[in-house]
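Note sheet for the following structure.
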Amino acid sequence: MKAILKKKIQKIKLLVMDVDGVLTDGTIALNNEGSEIKLFNVQDGYGLVLLREAGIKTAILSARSSGAVTIRGKDLKIDKICQDAYPKQGVYRQLIQELGLTDEDVCFVGDDLPDLAVLRRVGVAVAVPNAVGEVKEAAHYITKSHGGRGAVREIVELILKVQGKWEKILTQLG
């Protein structure tokens, strides 16, 4: 990893994530009643717990709205859950202002065109391998794991390792 990227990661105080294609594999399943079903990766979730315990805030920034996202976000104690955020850039600006942060303090993980404006602003822009080409081009880092398959956990571990917090977590876990 390049030294400049490590320097940017050291500044991260907030991880912001898209949902469909990042926290999930992008599949939207509907049952017979039309209720949406989303599948979340448990290792991604535990990574977010570890990130919170290390003092780094988390947020969801999704153009869509889903009860499943609200439930999962509350379960993981996500600091801010922003849904129906379209276009995303305005809601993102409000989010960092509310948290008293700057763009350089933020890592954003996205996969599709609605994520581009935010990716172009943040300190660390991350794309998943299943992202569209323009998103990958805007990214500072592309995860090895796909959305919904450990991509969030991968970036969580990267942040914690670069910031020197990973070993303390391992020690505390025994």
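Each reported figure results from applying straightforward, stated rules to the coordinates on display, with no laboratory input. None of these values were measured; they are calculated from a predicted model. All Cβ positions, even for glycine, are placed from backbone atoms using ideal geometry, and neighbour counts span all protein chains on display.
Multiplying the residue separation of GLU134 and ALA54 by 0.36 nm and subtracting their alpha-carbon distance yields 25.6 nm.
Annotation for LEU39 and LEU101: the two label points, set 7 Å from Cα along the Cα-Cβ direction, are 2.9 nm apart. Spacing of the modelled spin labels on ILE142 and LEU5, each 7 Å from Cα toward Cβ, amounts to 1.1 nm.
Listed by chain and number, the aspartates and glutamates whose C-alpha is less than 13 Å from the C-alpha of LYS7, apart from same-chain residues fewer than 8 away, are GLU104, ASP105. If you average the alpha carbon positions of the stretch 1-62 and of the stretch 122-157, how far apart do those two centres end up, in angstrom? Cα centroid to Cα centroid, the span is 10 Å.
Cross-link partners of LYS165 among aspartates and glutamates, defined as those whose alpha carbon lies under 12 angstrom from its own and excluding same-chain residues fewer than eight positions apart: GLU53, GLU157. Each of the peptides 120-130, 86-96, 161-171, 56-66 was scored by the mean count of other Cβ atoms within 10 Å over its residues; in descending order, highest first, they stand as 120-130, 56-66, 86-96, 161-171. A straight Cα-to-Cα reach below 20 Å connects LYS74 with the lysines LYS13, LYS38, LYS57, residues fewer than 8 places away in its own chain not being considered. Estimated purely from DSSP H runs of n ≥ 4, each contributing -39500 (n - 2.57), the mean residue ellipticity at 222 nm for the chain is -11500 deg cm²/dmol once divided by its residues. A Gaussian network model of the chain, with springs between Cα atoms under 10 Å, assigns the largest mean-square fluctuation among GLY26, GLY100, GLY150 to GLY100. Along the stretch 122-138 the Karplus relation, 6.51 cos²θ - 1.76 cosθ + 1.60 evaluated at θ = phi - 60°, assigns HN-Hα couplings of 6, x, 10, 9, 10, 10, 8, x, 8, 6, 6, x, 4, 5, 4, 5, 7 Hz to successive residues, with x for each Gly and Pro.
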